[in-house]
Each structure stands twice: as structure tokens, then as C-alpha cells.
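The structure appears below as C-alpha cells.
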Amino acid sequence: MAYFEYEKDDGKAEYYELLQELMERWEYEIVEFKSATGGYSEDKIGQYVSAISNEANLAGKQYGWFVLGVSETGMRRPVGTGFKKGPGTLMERFKYMISQNTTDAMTFLDIIELYPVVDGEPKRVLMFKIPAAVAGMPTEWKTRCYARSGESLIPLQQYKIDAIRNQERRDWSKLLLSGATIESLDRDAIAFAREKYKERRNQPHITEEVDSLSDEEFLTKIKLMRNGQVTNAAMILLGNAEYDYLFANAPTIMWRLYGADGELKDYTIFRIPFIRVVDQISAKIRNLTYRYMPNQLSLFPKETQQYDTWLLRELLNNCIAHSNYQLGGRIYINECEESINITNPGDFLPQTIETVLQTTYSPPFYRNQLLTESMVNFYMIDTATSGIKRVYRIQRKKYFPMPDYNFSTANQVSVTVYGKVMNDQYTYILYEHPELDLETVYLLDQVQKGQSIPKEAVAYLRKHKLVEGRVNHLFLSAEVAKTVEGEAQYIRNRAFDDRYYQDMIVDYLKKFGVGQKKDFRKLLMDKFPDVLTEKQKERKILTLLSALKRQDKIDTDSDNPRTCHWVLKK
């Protein structure tokens, strides 16, 4: 259900989609809505910060949401809020005030200001992204811990306090690297980090403060150094390559170029610092211009680069952020003729890519929390934790195949990005149906690649006439097969489909000699597409028997249709 309107091309479209999803689900332990048309108690917000943070931790989520400007009673709809409306400094001071009264100076991960349109009028909505309590430490507000009970705020129960305090999860990137000091870091990398941090914060007083700090003070401020010692995260992003021996396993990235014959043609190994390594790798990749026809009506081909620059940066930086450096593996970028494969040591925390593509998905935690936060601060990765979804959206917009993630190898995550069209029919259907959501496009992509998908997904695609064929031999619907060649392929697929059922009937008669309609019903009913009704399946059986009779392969042993048996024709 749509609760408001918004521009689909808006830069914050993903947040508008998320707001729709949150309003559909409505309030639960890690989501709270308040109308706050005029304002709202800052102290009350602090209590909700504590409650939502603690509940997110216990729910295994990375964060929760506190939303102002949405009606709490009656019809669900944005009503607009006046909370902290004005100069950006008002919100910055509010964030600072929150940090002064919470555990470990915790504050919002992000504050998103939206203007959804209701009855033609934009309404101001504020979405506060609240991080989950860190492992082992409940989040307090003014020395008290809060929780949720339905829609109410209550003190955090003792059993929940014990559950959080008994957690243990070490952030390897936050650990100090033995023997590493400020002298072990690259000064140019630190200078670059300063500039990106100021750009990310984009506040005059923060720029002034950063400029006044020494390198050590700056790195201490952003937690990459503690008590004069350097963290693993600082060394990965800003370390001097001459000191990478301080790691038990020095992190490296290797780019390899393969020819059409699969032979290795070139390679380069990159060492720390990694803060600018993606630019160096991107300069190596051959990003050629690709021309193709996204539809059959245009006389002019579409031109695009094989790989979107932002897409490559996001995937490469994700590898840096989420690698398991304790395994000692290397990040690989394998460039082939029509695709790029990227692998990193570790495992994929969401477990499946379908989970990530869900609009309301939020990671349970980050493997390298400090490293990830630092990369966000330096504008290296997406702050909305939706980078992978944006990667898929980019490929969809180009009508290219979706990226393929592979988790079959232990302790390794692999993703392949394609730089050309794989199946014209897939491209046509995406062009003709831009309204398809990302999860549906992902399923169509699996079909074009011949991958199996769940039965309920097959039924969904059939319901919308996007695919046809057997479960284990799906093909894109004839609706998009508009060329003669496409129609011929469709007819071949349909013919093969019918032959499959006919062969089953013939094999049955070879084995048992005779058969009645009830026998063929038992044989075929569960083999037919789920989209067919029972009556349609019954008619399908008669159609198949009639076709075999016309082909002179089978016949009946009497003229009575109710009592006759079907037999092979001699």
C-alpha cells in the first residue's frame, strides 16, 4: 500500500521505499513513529534511543529507527514535523547532546530528512537511524537502560540486561597492532583521510577542528588510535607498506587480467595503505564502451561503459571492509573478457543475496566494525548499508545481468559482475516493464542463467506471465519474444515441454501395457505448472492424449470414453 508519493528518481528514493515498508509493518520493538507536528521532547527521544538500541541488539539487528512526522493514530500517513527545523547546526547540536548522555557517547548513525507528498503537499519526515547496543554493553540514557513492551517504553528487564552483558564479539579491526605507532602510517594517506573526513562531515566547525589537530589527535578522535597506539583498521587504511610486516598476515590485493583463452596476461599486487587503492585498481581495468539494443523499436543502439564506476568502487571497498584478515587470504580482482570476478576471504554474513535485496534488510553486525565506520567517514562505502542493493539497481537500469554471488567455497565470498547483455529476452522484458521490483528482476535473472528457483517463486513469475515451462526448464514468457527468432525459440520450448509429458505417457504404457485417465492423472498432475487450475490440468491431460492419438502412437481399446483403456498402437 502506498502511503504517500515521491519522485522515483530522487537521490533518496531508497529511503522513501524504506519508509513505505516501515509504515506497512508499523511499530515493533526496533521501530517507533511519532507525529511531532510541532516538536518533541529531546529527553523522550533519548529514552527511545536506549530502548531501540537495546532491542536491536537482542533482535540481532544492526540498527533500528525512530521516525518523526508520521501519524500515530487513525490513518497511517505522514503529517510533517517541525522538530529542529532550521539550520543544520541545530541537528548537529542535538546529535552531540544525545552522545553526551548515552553509553560510550553513542549517537545516531544517520538522520535522514524526507519530504513525502500527501494530497499534493510535501510533509517533512525525520528518520533517526539508531545503532544497536554493542556486544556486552546495554545502551543507557542518563544512566538508565530502557526497553520496549509493545508500543510502550519500560525499564530494561534484568534478563535482557544479562543477555546483552553475556555477549562476546571481538572487533579485530579495533584491536591494537603490536609495535605500530604513528610513524608506521603513511603521511599522504593521513592527509587524504583528513580531507575526506571533512568532506563527509561538511560542517565549518568540524573542518576548523580537524585542521587544528595533529595527525595523532585526529586519528585518536576518530578512534583509529588509542593511547598513542595504532589499530588494525588504521594500519589497513593508512599504513605505510614498509611496515606491513607488523601484521601476522600482511593484507594485499591482486588484480589479474585474463584473455579470451583463459590465459593470464597481466597482474599487479597492491599493498597498504588501502584508502586510495580502489582508484589504482580502477585505472587498471579496461572499461570499454559497449553497444546494444535494449528494445526492438529503436534504430540506434544504446552506448554505455561495460562497468559502472560507482559499482566497481562499492564492491571493491566492500571487500576491504568485510574481509576476514585473520585468515591470511588475499583479495583478488579477476578481469575477464566479459566479466569481472572479485573474491575476498571470509563468509557472507546475510547468508543469501535474497535477504539483502529485501527493502527493510539491515545487517546483524559488521565483521570489522571500526574499519567499516572509518570507511564510511572517509566516503569509501555507502552509509545507508544498501550498497549491494544499489549495485543491483545499476545493473537493472542498464538491462544487464544481475551480479552473481558465490559462497560455495569455504571462507570465501565471490561476486561476478557482467559487462554485456546475456539474453536479449531478459533485456527486452526489463525495458518494457520498468515497474518490476528488484526481487522480481533477480528471479528473472536466475531464469535467464538456467538456475533453479523456489516453487513459490516460479508460481509468482507464472502468475504475472513472465515465465513458462517446467520447473526445471523455465524460459522467459512469449510476451517478450517479439522477434521471429524469439518466437521460434518460444515454440521450440513449448514443443519440448509437451513432448516431455507425452514421453511420460508413452513410457508408462510401455511399462504397464494399458492406462486410464485416472492413471495419467496420478502420473502428471503434480508435474504440471502450479499456475494451472485443476480444470486446466484435466484438459491438459486430454489434449496430450489426443495429440498422441493423432500422431498414431496410442489408441483406445473401446469406443466408450468412460471405460476405455489407452494402449500403445502396434
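The values are calculated or read from the model by the stated rules, or taken from the named source; none is laboratory data. Keep in mind the model is a prediction, meaning the values are calculated, not measured. Glycine also receives a Cβ, built like all others from the backbone with ideal geometry; neighbour counts cover every protein chain displayed.
When the stretch 1-19 is filtered for residues that are touching a residue at least 24 places away in the same chain (Cβ under 8 Å) and in a helix (DSSP H, G or I), the ones remaining, listed by number, are GLU14, TYR15, TYR16, GLU17, LEU18, LEU19. Exactly one of (1) buried (at least 16 other Cβ atoms within 10 Å of the Cβ); (2) modelled with pLDDT of 85 or more is unmet by PHE348. Its number? Only one criterion in (1) buried (at least 16 other Cβ atoms within 10 Å of the Cβ); (2) modelled with pLDDT of 85 or more is unmet by PHE348, namely (2). Would you confirm, using the coordinates I've provided, whether LEU444 is of a type in the set (A, V, I, L, M), surrounded by fewer than 21 Cβ atoms within 10 Å (Cβ to Cβ) and within 20 Å of TYR292 (Cβ to Cβ)? No; evaluated as a whole, the condition is false for this residue.
As for the stretch 106-129, it holds at least one residue that is in the same structural domain as PHE33 (by TED's automatic domain parsing), surrounded by fewer than 20 Cβ atoms within 10 Å (Cβ to Cβ), touching an Asp or Glu at 6+ places or on another chain (Cβ under 7 Å) and among the β-branched types (Val, Ile, Thr). Taking the criterion of being assigned by TED's automatic domain parsing to the domain that holds ILE130, polar (S, T, N, Q), within 23 Å of the chain's Cα centre (by Cα) and assigned to a helix (DSSP H, G or I), would at least one residue in the stretch 45-53 satisfy it? Yes: one or more hits. Scanning the stretch 140-192 for residues that are of a type in the set (Lys, Arg) and assigned to a loop (DSSP other than H, G, I, E, B) yields a total of 3. Of the residues making up the stretch 64-76, not one is under 27 Å from the mean Cα position of the chain (by Cα), over 16 Å from LYS95 (Cα atoms) and surrounded by fewer than 24 Cβ atoms within 10 Å (Cβ to Cβ). When LEU545, LEU524 are checked against the criterion of being at pLDDT 85 or above and within 39 Å of the chain's Cα centre (by Cα), a single residue qualifies: LEU524. Could you check the stretch 20-37 and list, in sequence order, the residues that are part of a strand (DSSP E or B) and not aromatic (Phe, Trp, Tyr)? Selection gives VAL31, GLU32, LYS34. Looking only at residues in the stretch 397-433 that are in a strand (DSSP E or B) and touching a residue at least 60 places away in the same chain (Cβ under 8 Å), the one that is farthest from TYR307 (Cα to Cα) is GLN412. Residues that are closer than 22 Å to ILE161 by Cα and surrounded by fewer than 20 Cβ atoms within 10 Å (Cβ to Cβ): does the stretch 12-30 have at least one? So far as the stretch 12-30 goes, yes, one or more of its residues are closer than 22 Å to ILE161 by Cα and surrounded by fewer than 20 Cβ atoms within 10 Å (Cβ to Cβ). Note on the stretch 513-557: residues that are of a type in the set (Gly, Ala, Ser) and surrounded by 12 or more Cβ atoms within 10 Å (Cβ to Cβ) total 2.
For SER99, the conditions (1) in contact with a helix residue (DSSP H, G or I) (Cβ under 7 Å, 6 or more places away or on another chain); (2) closer than 30 Å to TYR159 by Cα; (3) buried (at least 21 other Cβ atoms within 10 Å of the Cβ) are fulfilled apart from (3). Residue count for the stretch 19-34, restricted to those that are among the hydrophobic types (A, V, I, L, M, F, W, C) and over 16 Å from ARG124 (Cα atoms): 4. Quick check: anything in the stretch 133-152 modelled with pLDDT of 90 or more, outside the structural domain of GLU17 (by TED's automatic domain parsing) and basic (Lys, Arg)? The answer is no, given that none of the residues of the stretch 133-152 is modelled with pLDDT of 90 or more, outside the structural domain of GLU17 (by TED's automatic domain parsing) and basic (Lys, Arg). The combined condition, being under 30 Å from the mean Cα position of the chain (by Cα) and either in contact (Cβ under 8 Å) with a residue 12 or more places away in the chain or crowded, with 18+ Cβ neighbours inside 10 Å (or both), is fulfilled by ILE275.
Determine if the stretch 244-265 includes at least one residue that is loosely packed, with under 13 Cβ neighbours inside 10 Å and modelled with pLDDT of 95 or more. No, the stretch 244-265 contains no residue that is loosely packed, with under 13 Cβ neighbours inside 10 Å and modelled with pLDDT of 95 or more. Selection within the stretch 60-91: residues that are at pLDDT below 85 and assigned to a helix (DSSP H, G or I). The member of this set that is farthest from PRO116 (Cα to Cα) is THR89. Across the stretch 438-485, which residue is modelled with the lowest pLDDT among those that are charged (D, E, K, R) and assigned to a loop (DSSP other than H, G, I, E, B)? My answer is LYS482.
Taking the stretch 259-294 as the range and being assigned to a loop (DSSP other than H, G, I, E, B) and more than 18 Å from SER339 (Cβ to Cβ) as the test, the residues that pass are ARG271, ILE272, PRO273, PHE274, ILE275, ARG276, MET293, PRO294.
Each residue in the stretch 108-139 was checked for being among the aromatic types (Phe, Trp, Tyr), in a loop (DSSP other than H, G, I, E, B) and closer than 20 Å to ALA59 by Cα, and 1 pass.
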